Amino acid sequence: MISTSTPELLKTGKDYYDKGDLKKAQSVYSDIVDVDQDCTEAFFNLANIFHLKGEIGKAIKAFNKVLELEPNHTDASISLSVLYNDIGRYDEAQKIFEKANERVKNKTSQNEGVEDQHINKKFSQKHFEIAELYMSYGRYDEALFEYNKASQLDYENHEIRVRVAKTYAKKGFIAKAQEELKTLKNENPEYLPARIALGVLYYGQGKILEAQAQWQRVLVKDPSHSEAAMYLNLSKTATETRLN
């Protein structure tokens, strides 16, 4: 085999990975770690490939190898935490996540408040996943706490704020849910899911005209919005049924 340097092989592996050829990318990265057991990047990329292929055990082993070589590798920590969470090893997932989270907080403090948005979004996604898990078990207070954490880390992700409003509604705090959605739609007029959700809340309270106004507004902005059209038609049918 022609001798090729590790940087060249890493580039080749990345090219294959970017093209979606995971088999060839895996082969290249495997060749690298066969001769260089200290190549963090190769192990990290292998771990991601294993994860994508559903080979969870191999992915966990590779991510752990990355952290053995580079304990402060935040992406590997978060990925490993997500994997442990997916397979039900919640205590291990939480320990890894909290350790990485603390490390990022310290780094942010040392950098005089300069935040790495890429890292923040990864942590936000983790909090969001935990919130969704709590929601699936009806643990609304814990879910709300995690959704708010997620929103603070990625304020541009408006879907999280819709979930916050829906959680308030589940807890029976309808006014609080409406306030959250009104604020969201006022701050982001083009974000139509906020109006859809607000319309559903109004409809649930029997405020049919207010609900229809929200869905009609969505259709003004996006005439092909199927969800708004569906809700509007259903509400009109319900109104006609009551009148008859």
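Contact map, the range 6-24: residues that are free of Cβ contacts under 8 Å to residues at least 12 places away in the same chain paired with residues that are surrounded by 15 or more Cβ atoms within 10 Å (Cβ to Cβ) and of a type in the set (Phe, Trp, Tyr), Cβ distance under 6 Å, separation 6+ or inter-chain. Pairs shown: 24/16. Residues that are at pLDDT 80 or above and crowded, with 17+ Cβ neighbours inside 10 Å within the range 98-124 comprise just one, 124. A Cβ distance below 7 Å, combined with a sequence gap of six or more or placement on separate chains, defines the contacts here; from the range 50-76, residues that are in contact (Cβ under 8 Å) with a residue 24 or more places away in the chain reach residues that are assigned to a loop (DSSP other than H, G, I, E, B) and not acidic (Asp, Glu) in the pairs 56/87; 66/73. Is it fair to say residue 162 is surrounded by 18 or more Cβ atoms within 10 Å (Cβ to Cβ), farther than 30 Å from residue 203 by Cα and either of a type outside the set (Phe, Trp, Tyr) or at pLDDT 85 or above (or both)? Considered against the rule, which asks whether it is surrounded by 18 or more Cβ atoms within 10 Å (Cβ to Cβ), farther than 30 Å from residue 203 by Cα and either of a type outside the set (Phe, Trp, Tyr) or at pLDDT 85 or above (or both), residue 162 comes out as no. Would you say residue 33 is surrounded by 20 or more Cβ atoms within 10 Å (Cβ to Cβ) and in contact with a Leu (Cβ under 8 Å, 6 or more places away or on another chain)? Criteria not met by residue 33.
The values are calculated or read from the model by the stated rules, or taken from the named source; none is laboratory data. Since we're looking at a predicted model, the values are computed, not measured. Note: ideal-geometry Cβ built from the backbone for every residue, glycine included; neighbour counts use all protein chains shown.
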